[in-house]
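Report on the following structure.
The values are calculated or read from the model by the stated rules, or taken from the named source; none is laboratory data. Just so you know, these numbers come straight off a predicted model, no measurement behind them. A quick note on method: Cβ atoms are made from the backbone with ideal geometry, for glycine too, and the neighbour counts reach across all protein chains shown.
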Amino acid sequence: MQFKTASCAVIAALSLGSVAKADFVGIVGGQTSVLLDFELISSVTDLELTGVSDGVVLPGNLGDESVAFTITSRYAANDATDFLYDADNFIATFSGTIAHRGTLTFNESITIGNFDIAFDEGLGAFAVSDTFFDGTGLGALFAIGLPLTISPLEQTFDAVGDLLVTENFATILLDLGLTTVDLTGADVGDAFIQGYNQAIPGPGPLVLAAIAAAGARRRRR
């Protein structure tokens with residue numbers, strides 16, 4: 001897929017070295033704003049946004065039509081964010097998931113949300129996944145594609161990019177009869193992650209070695 005190749009190229013360009021000396025930070029809060037192109041979505045599907053859950057911020061930080069989902073603290077009892085990295089060497093050290101609370105309801109009956117954002121090896125990109133139903137949900141709905149800008153600093157983690165429909169979500173829409181068009185790769189909006197960090201103890205040597213190996217695989221991809 002085009003977004004897979006492009007996202008890998010951008011992520012690989014962030015490489016800054018090895019993991020010999022890592023000072024890790026982990027995301028402990030913040031929010032992710034989403035701006036969906038509802039005009040485009042309604043023109044090619046039968047989806048209509050009919051509600052949002054309590055806790056969803058209106059508007060988000062992508063304009064009046066956007067919504068924002070709170071990032072769950074890494075210290076939450078359940079479904080906590082565990083995304084961490086070394087700010088001096090992001091590509092070789094990042095791991096984990098940015099978890100959120102909040103849902104969207106379409107057609108008064110289809111609810112998605114409690115979104116997770118993590119790097120998806122199969123997509124070769126960061127993916128936005130629905131986990132609302134029973135903690136698993138519908139899986140990866142969007143890949144965060146180009147233009148992709150990531151700022152992995154010590155105190156903050158910002159990332160912004162296009163929301164591209166995954167093959168998984170496109171198939172779900174077709175199977176539910178909500179569209180007759182294969183929307184795989186379609187650009188239907190934007191996502192803006194704004195995370196706040198805290199210094200945390202770094203992983204042990206074996207974990208560091210595993211992270212380094214994962215980073216090397218990402219660069220090869």
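Here are the numbers for the structure shown:
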{"item": "Among (1) at pLDDT 95 or above; (2) over 21 Å from residue 168 (Cα atoms); (3) part of a loop (DSSP other than H, G, I, E, B) - the single one residue 21 does not satisfy", "result": "(1)"}
{"item": "Pick from the stretch 94-116, criterion crowded, with 17+ Cβ neighbours inside 10 Å and among the charged types (D, E, K, R), ranking: nearest to residue 41 (Cα to Cα)", "result": "116"}
{"item": "Where a residue in the stretch 28-43 is surrounded by fewer than 14 Cβ atoms within 10 Å (Cβ to Cβ) and its partner, wherever it lies, is at pLDDT 95 or above, with Cβ under 7 Å and at least six apart", "result": "42/48"}
{"item": "Criterion violated by residue 180 - all others in (1) buried (at least 19 other Cβ atoms within 10 Å of the Cβ); (2) part of a loop (DSSP other than H, G, I, E, B); (3) out of contact with any helix residue (DSSP H, G or I) (no Cβ under 6 Å at 6 or more places or on another chain) satisfied", "result": "(1)"}
{"item": "Test set (1) of a type outside the set (D, E, K, R); (2) under 18 Å from residue 55 (Cβ atoms); (3) surrounded by 19 or more Cβ atoms within 10 Å (Cβ to Cβ) - residue 119 fails condition number", "result": "(2)"}
{"item": "Qualifying residue in the stretch 84-101 (condition: acidic (Asp, Glu) and closer than 21 Å to residue 150 by Cβ)", "result": "yes"}
{"item": "Selected residue (only one of 136, 72 is farther than 28 Å from residue 199 by Cα, over 12 Å from the mean Cα position of the chain (by Cα) and hydroxyl-bearing (Ser, Thr, Tyr))", "result": "136"}
{"item": "Residue check for residue 144: within 25 Å of residue 154 (Cα to Cα) and in contact (Cβ under 8 Å) with a residue 40 or more places away in the chain", "result": "yes"}
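For every residue, the table says whether it meets (1) at pLDDT below 95; (2) assigned to a strand (DSSP E or B).
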site: 29; (1), (2): no, yes
site: 41; (1), (2): no, no
site: 69; (1), (2): no, yes
site: 74; (1), (2): yes, no
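Here's the yes/no breakdown for (1) over 16 Å from residue 90 (Cα atoms); (2) at pLDDT below 95; (3) outside any loop (DSSP other than H, G, I, E, B):
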{"position": "118", "(1), (2), (3)": "no, no, yes"}
{"position": "126", "(1), (2), (3)": "no, no, yes"}
{"position": "129", "(1), (2), (3)": "yes, no, yes"}
{"position": "142", "(1), (2), (3)": "yes, no, yes"}
{"position": "146", "(1), (2), (3)": "yes, yes, yes"}
{"position": "158", "(1), (2), (3)": "no, no, yes"}
{"position": "161", "(1), (2), (3)": "yes, no, yes"}
{"position": "164", "(1), (2), (3)": "yes, no, yes"}
{"position": "173", "(1), (2), (3)": "yes, no, yes"}
